[in-house]
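**Student:** Here's a structure for you.
The values are calculated or read from the model by the stated rules, or taken from the named source; none is laboratory data. This one's a predicted model, so the numbers in the text were calculated from it and none came from an experiment. Here the Cβ is made from the backbone with ideal geometry for all residues, glycine too, and neighbour counts use every protein chain on show. Note: areas computed on protein heavy atoms with side chains; ligands, DNA, RNA excluded. Shrake-Rupley method; radii C 1.70, N 1.55, O 1.52, S 1.80 Å.
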Amino acid sequence: MDQFTLNLIVVGITFAIYIGIAIWARAGSTAEFYAAGQGVHPVLNGMATGADWMSAASFISMAGIIAFGGYATGAYLMGWTGGYVLLALLLAPYLRKFGKFTVPEFIGDRFYSGGARLLAVICLIVISVTYVIGQMRGVGVTFSRFLEVSTDMGLYIGAAIVFAYAVFGGMKGITYTQVAQYVVLIIAYTIPALFISFNLTGNPIPQLGLIGGYAPSGGDVAFLAKLDAVVTELGFKAYTADSSNYFDMFLFTMSLMIGTAGLPHVIIRFFTVPKVADARSSAGWALVFIALLYTVAPAVGSMARLNLTTSMWPAAVTGNAFDGPAVSRADIDSKPELEWVKNWEKTGLLAMKDLNGDGLIQYVSEPAKLAANTKAMDEAAKAKDEAKLAALTTEREGLLATEQLAKTGKTFAELGLKGNEVVKVDNDIMVLANPEIANLPGWVIALVAAGALAAALSTAAGLLLAISSAISHDLIKGSINPNISEKGELLAARIAMGGAIVVATYLGLNPPGFAAQVVALAFGLAAATIFPVLMMGIFSKRVNKEGAIAGMLVGLVFTAVYIFIYKGWFFIPGTNNLPDTPANYMFGISPLSIGTVGAVMNFLTAFAVSAITKAPPQSVIDLVESIRVPKGAGKATHH
């Protein structure tokens, strides 16, 4: 059976399961649509939370970031995992004790203000829409390769599937679908890792293989030492090299942590369990299920990087990269084990160009000046600016004669090179391409495709539910039409979710970065807006409605504007004011890290404004006292 047919069968079976579950668990009331009737077992809720949490960013993109960023990108692992500890200890049980359906509803009641609730709705929608862009990109990337359609068509197919099971099933359908999706994604992520770890280290357990020996050399050399030797020989930074900016790394990790604890689509999962104790238990189980993937991710990323590099430089398998020639274009076009290169070139996410015409594809690190020259030459060629192209060509000849690779001590010219000939390797392909690069069986490749789609679709569904709940329950019922019937509210929720799917699909066609980057931006927005106001709402009796509103506004505006300056206004390509490079960052703080600063500004503003305005009424102070005792919660109610 050919790979395409196998992909169709495996992906088709999983889609049929998801839609079948949604039909079986169709929501018949607002309680089932918003909170699954609050009857989900903590273990199942933990598994559903894991799927809701482990999005395309975790499954597809995180290992790709680790593959090319090495040790310094461990912040993604630490931040995303650590956030769940904060969520379990500081938020989940208290919000469940409150007994409402949504985060804006808590904020509106705690701060006795329809304006605060409305602002929370706006924050939630901005966060969730930003986050869902990354999921739609993940769906498009996966479909474009494994179902051999365009990335855009992949987005449309994914949107249709989400519509089929999320719009009708609501939280009830989504919860049980996410349980199935977790099973699919964890199997799909782990099985290839077991094979690849055994091939490279002789140990089938990836976590141990990562710190073990390199098998093709007899195990005498540590796996990570071998990886460092190969990439530094080619001019890249050592894989285990430390971060060059501890300050930004700290802010980024913190942004991911508190952003995790402030994500609306994750928080609402803790409204689905019967008791307060179950909310804390669910968070604990979610950590267990998340750890099963997150402890494997560093091994997947590092092993993918070594497999990619040795595919380009075959001599590096048992020796040094430059001991033999690079892989030839003829080999790529003829050898079955290199079929993956052509498969991914078709998607546009991998590109190779024989710059020096020697028939080989040399994968090396281009120094910054040479890389800038390459980009400028491409732009000049597109603009048909012959004079500029000639000047850049002359400049390039000088750079080739002076720019050196790290280990060889030779210039590009002395090595016969004109630059890096693997001109594009998208981070988002590394996990998906890993089984093909390692020549694993076809069923493993199909399973990875199904797992990637499960990860992207499960989180997309959770985000879309958070958006639709905010619009129907908090905006329409909470502000516009408080007397709307339950049937009308349910219809409004489904229409809102359908509209959100359309918007998410449109934005997914032109994302502001690869999946994990886009998701990190959403975390920054959550860190700067939702997390501070929830913390103050639970643990401070003095913060009032004026303080909460001012804090959220400052956090949202400051963080969003900083991100838009570098990423483009409302993520529209070409509208950024400054280049998205470290040299242009304020105090070296990247757009991915600014959420921490936004959170601090939120806290300071809220406390300052509250100090000079009227204290909250006694009824609100009593409410806070009640919430702080995390037991005895009743059923959720709505107004």
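**Student:** Starting from the eigenvalues of the Cα gyration tensor, five times each then square-rooted, give me the equivalent ellipsoid semi-axes of the stretch 485-620, largest first, whole Å.
**Tutor:** 30, 25, 10
**Student:** Okay, next question. Positive end of the charge dipole of the stretch 320-430 (Lys, Arg +1 and Asp, Glu -1 on Cβ, about the Cα centre): tell me which of Ala380, Leu360, Ile429 has its Cα farthest that way.
**Tutor:** Final value for the positive-end residue is Ala380.
**Student:** Take each of the peptides 599-607, 458-466, average the number of other beta-carbon atoms within 10 Å over its residues, and list them starting from the highest.
**Tutor:** Output ranking for 599-607, 458-466: 458-466, 599-607.
**Student:** Let me ask something additional. Rounded to the nearest 500, what is the 222 nm mean residue ellipticity of the chain from helices alone, with -39500 (n - 2.57) per DSSP H run of 4+ residues and division by all residues?
**Tutor:** Counting only the DSSP helices, I get -21500 deg cm²/dmol.
**Student:** Please arrange Asp2, Asp426 by accessible surface area, largest first, computed with a 1.4 Å probe and ligands excluded.
**Tutor:** Listed by decreasing accessible area, they come as Asp2, Asp426.
**Student:** Counting only the heavy atoms of the protein chains, how much of Tyr506 is accessible to a 1.4 Å probe, in Å² to the nearest 10?
**Tutor:** About 150 Å², ignoring ligands and nucleic acids.
**Student:** Could you report the accessible area of Met249 in Å², rounded to 10, computed with a 1.4 Å probe on the protein chains as they sit in the structure?
**Tutor:** 40
**Student:** Taking the Cβ of Leu147 as the centre, find all other residues whose Cβ is under 14 Å away and add up their charges (Lys, Arg: +1; Asp, Glu: -1).
**Tutor:** -1
**Student:** How much area per residue is accessible in the stretch 124-237 when the probe is 1.4 Å and only protein heavy atoms are counted (Å²)?
**Tutor:** Heavy-atom accessible area per residue stands at 31 Å².
**Student:** Give me the accessible area of Arg542, 1.4 Å probe, in Å² rounded to the nearest 10.
**Tutor:** Arg542 has an accessible surface of roughly 100 Å² with all protein chains in place.
**Student:** Where a Cα-Cα gap under 24 Å defines reach, which lysines qualify for Lys477, not counting those fewer than 8 residues away within the same chain?
**Tutor:** Filter leaves Lys97, Lys100, Lys172, Lys487, Lys545, Lys635.
**Student:** What does the charge count around Glu339 come to, taking other residues whose C-beta lies under 13 Å from its C-beta (Lys +1, Arg +1, Asp -1, Glu -1)?
**Tutor:** Net of charged neighbours comes to -2.
**Student:** Let's see if you can work this out: charge +1 on each Lys and Arg Cβ, -1 on each Asp and Glu Cβ, no other charges. What is the dipole magnitude of the stretch 320-430 about its Cα centre, in debye to the nearest 20?
**Tutor:** It works out to roughly 200 debye.
**Student:** Any idea what the relative contact order of the stretch 286-399 is, in percent, if you count C-alpha pairs under 8 Å spaced at least 6 apart?
**Tutor:** Taking the mean separation of contacting Cα pairs over the length of the stretch 286-399, I get 16 percent.
**Student:** Tally up the carbon and sulfur contribution to the accessible surface of the chain as a whole percent, 1.4 Å probe, everything protein left in place.
**Tutor:** 66
**Student:** In Å³ and rounded to a whole number, note down the convex hull volume per residue for the Cα atoms of the stretch 320-430.
**Tutor:** Spread over its residues, the Cα hull of the stretch 320-430 gives 127 Å³ apiece.
**Student:** Per the Kirkwood definition applied to all pairs of different Cα atoms, how many angstroms is the hydrodynamic radius of the chain?
**Tutor:** 25.5
**Student:** Treating only the Cβ atoms of Lys and Arg (+1) and Asp and Glu (-1) as charged, compute the dipole magnitude of the chain about its Cα centre; round to the nearest 20 debye.
**Tutor:** 2220
**Student:** Which of Gly115, Phe289, Ala22 sits closest to the plus end of the dipole of the chain, meaning its Cα is farthest towards the positive end, when Lys and Arg get +1 and Asp and Glu get -1 on the C-beta?
**Tutor:** Farthest towards the positive end: Gly115.
**Student:** From the cross-link list Lys342/Lys384; Lys346/Lys375; Lys353/Lys424; Lys384/Lys418; Lys369/Lys418; Lys369/Lys424, which pairs have alpha carbons spaced over 19 Å apart?
**Tutor:** Pairs exceeding the cut-off: Lys342/Lys384; Lys346/Lys375; Lys384/Lys418.
**Student:** Same structure again: Percent relative contact order of the chain, based on C-alpha pairs within less than 8 angstrom and at least six residues apart?
**Tutor:** Once divided by the residue count of the chain, the mean separation gives 28 percent.
**Student:** Same structure again: Residues of the stretch 320-430: accessible area per residue at 1.4 Å, in Å²?
**Tutor:** Ligands and nucleic acids excluded, the figure is 51 Å² per residue.
**Student:** Considering only the other residues whose Cβ falls under 9 Å of the Cβ of Gly348, what net charge follows from Lys and Arg at +1 and Asp and Glu at -1?
**Tutor:** So the environment of Gly348 carries a net charge of 0.
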